[in-house]
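Enquirer: Provided herewith is a single structure, encoded as structure tokens, for subsequent inquiry.
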Amino acid sequence: MFKKGQSGNPKGKPKGTQSKTKQEIRELFNQILSNEIENIGVALEQMRTESPKDYMSTLLKVTQLLYPTSLGEVENSDSPIIFNWCNLDGSLISEN
């Protein structure tokens with residue numbers, strides 16, 4: 001019998017290690033995204049002008065995927081969270 005909280009194979013795959021298939025799919029998807037960067041930018045710009053609500057929703061979803069954080073990390077931080085919004089060309093959007 002195993003003890004509670006003890007692995008049946010303590011020398012097994014480390015926690016958080018991805019399968020080879022998942023790694024290969026991520027690599028393939030990264031290649032596809034790399035080739036689509038310009039098109040993604042154009043589509044986002046079009047969405048921003050035609051449907052600002054959908055644009056903001058999309059940005060929030062992508063931000064959550066790329067920059068996940070737990071609420072505890074934010075609550076326990078003494079540093080303010082500062083967002084610098086920029087245009088697709090990388091230039092900062094003025095605060096006015």
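Enquirer: If only one of Ser34, Ser57, Ser7, Ser91 is at pLDDT 75 or above and surrounded by 10 or more Cβ atoms within 10 Å (Cβ to Cβ), which one is it? Talk me through it step by step, then tell me what you get.
Expert: Numbers: Ser34 fails: surrounded by 10 or more Cβ atoms within 10 Å (Cβ to Cβ); Ser7 fails: at pLDDT 75 or above; Ser91 fails: surrounded by 10 or more Cβ atoms within 10 Å (Cβ to Cβ).
Criteria check complete, one pass: Ser57.
Enquirer: In region 1-43, how many residues are part of a loop (DSSP other than H, G, I, E, B) and touching a helix residue (DSSP H, G or I) at 6+ places or on another chain (Cβ under 9 Å)?
Expert: Start the filter on region 1-43 by keeping residues that are part of a loop (DSSP other than H, G, I, E, B), which leaves 1-19.
Then drop every residue that is not touching a helix residue (DSSP H, G or I) at 6+ places or on another chain (Cβ under 9 Å), which leaves 18.
The total comes to 1.
The values are calculated or read from the model by the stated rules, or taken from the named source; none is laboratory data. Treat the numbers as computed from the prediction; the structure is a model and nothing was measured. Ideal geometry is used to build each Cβ from the backbone, glycine not excepted, and the neighbour counts take in all protein chains shown.
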